[in-house]
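See structure below.
Values quoted throughout were computed directly from the atomic coordinates according to the rules given, and no laboratory measurement underlies them. Values in this document were obtained by computation on a predicted structure and should not be read as measured data. A quick note on method: Cβ atoms are made from the backbone with ideal geometry, for glycine too, and the neighbour counts reach across all protein chains shown.
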């Protein structure tokens, strides 16, 4: 109902006026964006086409697509690329499911609601590095509390080194990533749900809609736009994140959690190959844009159909 | 006919006036300049110190310096050790680097190659004879000193003295008296009824295995040329240390498998609880061991450095460097020499659980830690450190992080064979070059 | 409004309460346990922290960790800096992003392509690679090592996210409401202020909250752009309790992390009431 295609030029006088006025509001936001965002970004992209390395007064030469040619044969980078995509999608989906569920719960009139809502924010309230350290200490085999609880309750999996074991490391890290990503999703979806005019809900109850129908025809459309935005953003963020993974496993064990952002970071800051690292960044960016382009087109098509 | 004379007089007067003017200008400018040159300068010293003791010591040293040198003050800036590389890279690129900073030798080598570090050879000449040549060389590149080694760690086997006493096993002491075979035998001896003899935090084994490789004269890279070309060859010497560790884990079963994925300091709680008779770790854990000793009387010691063909280990000391972009290179060097005075250096090193580099500070450290057998052993072992030649190879770091680390992790966890380990090391090097 | 139907729904709701509370408890444990653990860890002495079998509860109340972190390491100053930066960033971002987000949402055809592309690309490039050109740009403007430089950088980093989110929230507001207002002769500004804004409040609160938190927790830009200890932010100060190879001064770090988390939770505690705002009613009638 709210996503009917907007006709930019309406005949009614009110429509014309408010349309014209509206776009002026966008300008202030774009000035600092352009100055401090466009220029560095363009420079960074430009670096991908040079042979720049770290150094004092080092000479920078334009080398065209050489970095990219080298990248094509870099099997380690592509391995990390695959890991990055699995990571981004898994964390986003898991966080979405968990966060959506929590938002629905928080929308009810429960006791200790305030406390619950505050608690739902905890994972985001801490710097990611602290989160990583905290979880790695929690998951320590034998001396960490989680393992102690597992042992006391005789649960299967007691004694596992969740972050060090080849099979469990990646899923564990994904779970922690989802833990960190949940709050934004929970709060944003909750805000969207709270934004539903209460008359709409009451009217639907009068019309005889049950809980499931209300969910499907009122809640879901209302949060569709924000969920779409959240999924897109999360996939982007997760794909380029590395701080959490770095502290948790440093890309190990055996390279199982080596995400591409960590790869590019090492290339730039550890080995000083700025040009090569920038080319990795460009490839990563292109991949994301492609993935998102597909996703957005698909969701837009759905919108129009409605 | 009076005119030419008058003119001459006038000219002479003018010249006299001008010269007096010029002279007074010169005198005033010199007078103004001198106080300007003597005004206070402030240098920044970036340190990754974070332990309580080290922070207190650093502040004391800087306060002492500032009191003695009120015109060349030093300001401490605390950095965090895990992000020093980022901070330095951007600071150098943006010309806002600290005047003096402390970092480990292996990490500053790239900066030296990039020309960002000042040449300290002249300034530090008096210190050269105070430390072993092997250690001194680690801070140099292309015959120029870019980082003064201050303190180092070694990889040692730590032992639970009470456990040894109870089993009636004598504790090895001295130097060169503890071989890998001895280590294997001891580990086996202490592996009884459900207990493991050794815990070894092998989550990130690459650096350790390269450094310990020097026990068997493992060279890895040969033919380092001026243009940076090298070949990697992995032979029996290079595979000796990994295969011995593998043997202890899988053949003898004397190393606790749970410790294989722990970080270097991970096995400490278990060690303190008496679960293992020995752990293999870097000597910086001595600080934690001392805390336990003080709180519960835990009796620990360090065994002599492991010996293969030799007991040499690759050195990666902490170093102090001066930025090439610094405006006060001479004063910065003077501050470094002050920090390295025997008493200061000994205090700093001991606070970190490390061995100080200079002979004088080593003596003071040994005095201070007289009552601890473990410390005596650690401090004695400092002489066995030498420059690890592979650190000079371009691309070594990338190979170590992206090829060796995952391969070693898989080998240690029993996922690949030793021939596969060798293959991966060689193939990985080829793809990086 | 039929109260009977509403009452029926409410009755049905009571049946759902048991499984609902069960889920709530699961979530509470999942979210809160690590935090609780950190809180209790901050009261343990260094020796306690070396023990093999540590219980959840500390043996005593070892306050030295808190003393250490407050007294010696400039945590309070860093907290002050972080607060100033986060508040300024949030306020500025909200001021810029709300109107702009509205514009993007309403003028899809005109703006959407370029804006969307811009927002995506700026988020997609790994931060670590933009850092050096950005560092140079900030240096050129003379704002290196200054709190205001950091505010500017955070503003620029936060705008794409805020725009994206607000665009989503605005899209959820039915166009009919605005058209109704326009029919009544309201100006574009009045529509924005009296019709759109009230419905947007939860969305704005959510976005502002996350802008605040992102700024509060941000580490990498601060690490590179701040050189002097006086201008340090909280994450930088906390990072200094970590050594190499996973070693940490766990006691003081836990204390510091706990203290650092409190302000965000307090702010959220206050703001979350707005999320359940009753301002929603009456938008159509009024």
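Observations on the model:
- Calculated SAXS-style log₁₀ I(q)/I(0) at q = 0.21 Å⁻¹ - the range B:288-433, Debye, Cα scatterers: -1.21
- Global geometry of the range A:81-136, whether rounded, prolate or oblate, following the gyration tensor of its Cα atoms and the 1.5 cut on a/c: oblate
- Share antiparallel - DSSP beta bridges, the protein assembly as shown, percent rounded to 5: 60 percent
- Chain B: most fluctuating residue of B:299, B:69, B:217 per GNM, C-alpha cutoff 10 Å: B:69
- From the C-alpha gyration tensor of the range C:106-194, square roots of 5λ in Å: 36, 16, 10
- In degrees, nearest ten, helix B:359-368 long axis to first principal axis of chain B (Cα): 60 degrees
- For chain B, the share of DSSP beta bridges that are antiparallel, to the nearest 5, is 60%.
- For chain C, adding -39500 (n - 2.57) for each run of n ≥ 4 DSSP H residues and dividing by the number of residues yields -23500 deg cm²/dmol at 222 nm.
- Solvent-free Debye calculation, one equal scatterer per alpha-carbon of the range A:31-92: log10 I(q)/I(0) at 0.17 Å⁻¹ equals -0.87.
- Note on A:282-292: average number of Cβ atoms from other chains within 10 Å of each residue's Cβ is 3.
- Most mobile listed residue (B:132, B:356, B:304) in chain B, GNM with C-alpha springs under 10 Å: B:132
- Computed [θ] at 222 nm, helices only, for chain B once each DSSP H run of length n ≥ 4 contributes -39500 (n - 2.57): -14000 deg cm²/dmol
- Proxy reagent accessibility, fewest Cβ within 10 Å first, across A:202, A:267, B:104: A:202, B:104, A:267
- Debye equation applied to the C-alpha atoms of the range B:61-192, log10 I(q)/I(0) at 0.10, 0.22 Å⁻¹: -0.57, -1.38
- Quotient of the Cα radius of gyration of the range C:72-276 and 2.2 N^0.38 Å, N being its number of residues: 1.18.
- Tail weight of P(r) past 54 Å, computed on alpha-carbon pairs of the protein assembly as shown, percent: 23 percent
- Contact order relative to length of chain A, as percent, for alpha carbon pairs under 8 angstrom and 6 or more apart: 28 percent
- For residue B:243 and residue B:63, the difference between the fully extended length at 0.36 nm per residue and the C-alpha to C-alpha distance is 59.7 nm.
- Other protein chain C-beta atoms within 10 Å of residue C-beta, averaged over A:40-48: 5.
- A Förster radius of 60 Å combined with the Cβ-Cβ distance from residue C:39 to residue B:142 puts the calculated FRET efficiency at roughly 0.70.
- Computing FRET efficiency as 1/(1 + (r/R0)^6) for residue C:141 and residue C:76, where r is the C-beta to C-beta distance and R0 is 25 Å, gives about 0.30.
- Above 33 Å, the calculated P(r) of the range A:75-305 contains 29 percent of its Cα-Cα pairs.
- Helix-only CD estimate at 222 nm, as mean residue ellipticity for chain A, using -39500 (n - 2.57) per DSSP H run (n ≥ 4): -21000 deg cm²/dmol
- Label-point separation, residue C:183 to residue A:203 (7 Å along Cα→Cβ), nm: 1.3 nm
- Label zone (residue B:293, point 7 Å along Cα-to-C-beta; backbone nitrogen cut-off 18 Å) within the range B:49-64: B:53-54.
- GNM flexibility winner over chain B from B:351, B:115, B:223 (Cα, springs under 10 Å): B:223
- On Cα atoms only, tilt of C:147-171 relative to the major axis of chain C in degrees: 40 degrees
- Cβ-Cβ FRET estimate between residue A:153 and residue B:185, R0 fixed at 56 Å, reported to 0.05: 0.90
- Global form of chain B, assessed from the alpha-carbon gyration tensor, a/c cut-off 1.5: prolate
- In this rough spin-label picture, where each label sits 7 Å from Cα along the Cβ direction, the residue A:286-residue B:177 distance is 6.5 nm.
- Nearest-ten-degree value, helix C:75-106 long axis tilted from longest Cα axis of chain C: 20 degrees
- Where Rh is the Kirkwood radius over Cα pairs, Rg/Rh for the range C:13-62: 1.26
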